[in-house]
Amino acid sequence: QVQLAESGGGLVQAGGSLRLSCVASEGTFSTYAAGWFRQALGKEREFVAFSSRSGGNTYYADSVKGRFTISRDNAKDTVYLQMNSLKPEDTAVYYCAVSAPGSFWYYRPSAYDYWGQGTQVTVSS
(Lines give C-alpha, C1' and ligand atoms only; values in the text may rest on other atoms or scores of the structure.)
Protein backbone atom coordinates (compact mmCIF):
# COMPACT_ATOMS: atom_id res chain seq x y z
CA GLN A 1 0.00 0.00 0.00
CA VAL A 2 1.24 3.48 -0.85
CA GLN A 3 1.79 5.64 2.21
CA LEU A 4 2.50 9.36 2.16
CA ALA A 5 3.68 11.60 4.97
CA GLU A 6 3.89 15.38 4.73
CA SER A 7 6.13 17.52 6.91
CA GLY A 8 7.61 21.00 7.02
CA GLY A 9 4.58 23.06 7.89
CA GLY A 10 4.60 25.69 10.59
CA LEU A 11 3.95 29.29 11.49
CA VAL A 12 5.65 31.97 9.40
CA GLN A 13 5.37 35.68 8.82
CA ALA A 14 3.94 37.00 5.58
CA GLY A 15 6.71 37.15 3.01
CA GLY A 16 8.51 34.20 4.54
CA SER A 17 9.25 30.78 3.11
CA LEU A 18 8.65 27.14 3.93
CA ARG A 19 9.56 23.91 2.22
CA LEU A 20 7.12 21.06 2.55
CA SER A 21 8.21 17.48 2.06
CA CYS A 22 6.17 14.44 1.13
CA VAL A 23 7.89 11.15 1.81
CA ALA A 24 6.35 8.09 0.22
CA SER A 25 6.78 4.37 0.45
CA GLU A 26 9.63 3.00 -1.64
CA GLY A 27 9.27 3.39 -5.37
CA THR A 28 6.11 5.47 -5.27
CA PHE A 29 7.34 8.47 -7.19
CA SER A 30 8.83 6.42 -9.99
CA THR A 31 5.32 5.12 -10.59
CA TYR A 32 2.99 8.00 -9.75
CA ALA A 33 2.57 11.63 -10.58
CA ALA A 34 2.31 13.87 -7.55
CA GLY A 35 0.23 16.82 -6.51
CA TRP A 36 -0.16 19.23 -3.65
CA PHE A 37 -3.54 20.43 -2.44
CA ARG A 38 -4.59 22.64 0.42
CA GLN A 39 -7.69 23.12 2.49
CA ALA A 40 -8.39 26.19 4.57
CA LEU A 41 -10.85 26.18 7.44
CA GLY A 42 -14.38 26.11 6.14
CA LYS A 43 -13.31 25.85 2.50
CA GLU A 44 -13.06 23.18 -0.16
CA ARG A 45 -9.84 21.39 -0.88
CA GLU A 46 -8.08 23.19 -3.73
CA PHE A 47 -5.33 22.34 -6.17
CA VAL A 48 -1.91 23.89 -5.58
CA ALA A 49 0.74 22.17 -7.72
CA PHE A 50 1.35 19.10 -9.87
CA SER A 51 4.43 17.22 -11.03
CA SER A 52 4.42 14.50 -13.65
CA ARG A 53 6.14 11.20 -12.93
CA SER A 54 9.36 12.34 -14.55
CA GLY A 55 9.13 15.83 -13.13
CA GLY A 56 9.20 17.24 -16.64
CA ASN A 57 5.71 18.69 -16.50
CA THR A 58 4.56 20.93 -13.69
CA TYR A 59 1.41 22.95 -13.23
CA TYR A 60 0.39 25.47 -10.61
CA ALA A 61 -2.71 27.16 -9.42
CA ASP A 62 -2.82 30.80 -10.48
CA SER A 63 -2.85 31.84 -6.84
CA VAL A 64 0.62 30.36 -6.22
CA LYS A 65 2.26 30.64 -9.62
CA GLY A 66 5.64 32.33 -9.37
CA ARG A 67 5.81 31.78 -5.62
CA PHE A 68 5.63 28.01 -5.17
CA THR A 69 7.76 25.34 -6.81
CA ILE A 70 7.12 21.61 -6.85
CA SER A 71 10.07 19.29 -7.27
CA ARG A 72 10.87 15.65 -6.73
CA ASP A 73 13.69 13.32 -5.85
CA ASN A 74 12.51 9.91 -6.92
CA ALA A 75 15.61 8.23 -5.51
CA LYS A 76 14.60 9.53 -2.07
CA ASP A 77 10.90 8.89 -2.67
CA THR A 78 10.24 12.51 -1.82
CA VAL A 79 8.31 15.36 -3.39
CA TYR A 80 8.80 18.93 -2.23
CA LEU A 81 6.82 22.11 -2.29
CA GLN A 82 8.97 25.20 -1.91
CA MET A 83 6.77 28.09 -0.84
CA ASN A 84 8.13 31.63 -1.05
CA SER A 85 6.56 35.03 -0.52
CA LEU A 86 3.90 33.48 1.65
CA LYS A 87 0.64 35.33 2.19
CA PRO A 88 -1.96 35.00 4.94
CA GLU A 89 -4.34 33.52 2.38
CA ASP A 90 -1.92 30.60 1.97
CA THR A 91 -2.89 29.45 5.45
CA ALA A 92 -4.27 25.93 5.15
CA VAL A 93 -3.60 22.29 5.72
CA TYR A 94 -1.43 21.11 2.84
CA TYR A 95 -1.84 17.61 1.46
CA CYS A 96 0.38 15.52 -0.76
CA ALA A 97 -1.28 13.09 -3.14
CA VAL A 98 -0.25 10.73 -5.92
CA SER A 99 -1.96 9.81 -9.14
CA ALA A 100 -1.50 7.24 -11.87
CA PRO A 101 0.50 8.90 -14.65
CA GLY A 102 -2.35 8.57 -17.13
CA SER A 103 -4.59 10.89 -15.17
CA PHE A 104 -5.26 14.12 -17.04
CA TRP A 105 -7.33 16.11 -14.58
CA TYR A 106 -4.48 16.90 -12.23
CA TYR A 107 -6.36 19.76 -10.57
CA ARG A 108 -9.16 17.50 -9.39
CA PRO A 109 -8.83 15.68 -6.06
CA SER A 110 -10.74 12.77 -7.58
CA ALA A 111 -7.83 12.09 -9.94
CA TYR A 112 -5.57 11.06 -7.06
CA ASP A 113 -5.27 7.60 -5.61
CA TYR A 114 -3.51 8.12 -2.28
CA TRP A 115 -3.28 10.99 0.18
CA GLY A 116 -1.13 11.99 3.09
CA GLN A 117 -2.44 13.20 6.43
CA GLY A 118 -1.64 16.87 5.81
CA THR A 119 0.62 19.45 7.40
CA GLN A 120 -0.53 22.80 8.75
CA VAL A 121 0.82 26.02 7.25
CA THR A 122 -0.07 29.25 9.02
CA VAL A 123 1.00 32.62 7.66
CA SER A 124 0.61 35.63 9.92
CA SER A 125 0.33 39.27 8.87
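Across segment 51-57, coupling constants 3J(HN,Hα) worked out from phi with the 6.51/-1.76/1.60 Karplus curve, θ = phi - 60°, read 9, 5, 4, 7, x, x, 10 Hz, and Gly and Pro carry x.
On full extension, the segment bounded by Ser30 and Ala61 gains 8.8 nm, given 0.36 nm per residue less the C-alpha separation. Here the extension length gained between Asn84 and Ser110 equals 6.6 nm, from 0.36 nm per residue of separation less the Cα-Cα distance.
One quarter of the convex hull surface built on the alpha carbon atoms of the chain amounts to 6.9 nm², the projected area averaged over directions.
Summary value for the chain: 35 percent relative contact order, contacts being C-alpha pairs under 8 angstrom separated by 6+ residues.
The accessible surface of the chain, taken with every protein chain in place and a 1.4 Å probe, is 47 percent carbon and sulfur.
Net charge in the neighbourhood of Gln117 (other residues with Cβ under 14 Å of its Cβ; Lys, Arg +1, Asp, Glu -1) is +1. At a probe radius of 1.4 angstrom, the accessible area of the chain per residue rounds to 51 square angstrom.
Counting only DSSP beta bridges with both residues in the chain, what percent are antiparallel, rounded to the nearest 5? If I count the DSSP bridges inside the chain, around 90 percent turn out antiparallel. Across the chain, the longest piece that holds none of the trypsin sites (Lys or Arg not before Pro) lying in DSSP loops with up to 13 other C-beta atoms within 10 Å covers 66-125.
In a DSSP loop and with at most 16 other Cβ atoms within 10 Å, the chymotrypsin sites (Phe, Trp or Tyr not before Pro) in segment 32-105 are Phe104, Trp105. The 3J(HN,Hα) values that the Karplus relation (6.51, -1.76, 1.60; θ = phi - 60°) gives for segment 90-97 are, in residue order, 7, 4, 4, 8, 9, 10, 9, 8 Hz. Gly and Pro appear as x. Restricting segment 36-125 to GluC sites (Glu not before Pro) that sit in a DSSP loop and have at most 13 other Cβ atoms within 10 Å of their own Cβ leaves Glu44.
Net charge of the neighbourhood of Gly66, taken over other residues with C-beta under 14 Å away and scored Lys/Arg +1, Asp/Glu -1, is +1. So if R0 is 25 Å, what FRET efficiency would Ala5 and Ser71 give, r being the distance between their Cβ atoms, rounded to the nearest 0.05? That pair, Ala5 with Ser71, gives E of 0.90.
The values are calculated or read from the model by the stated rules, or taken from the named source; none is laboratory data. Quantities reported herein were computed from a predicted structural model and do not represent experimental measurements. For neighbour counting, all protein chains shown are included, and Cβ atoms are generated from backbone atoms with ideal geometry for every residue, glycine included. Please note that ligands, DNA and RNA were not included when accessible areas were found on the heavy atoms of the full protein model with its side chains. Shrake-Rupley method; radii C 1.70, N 1.55, O 1.52, S 1.80 Å.
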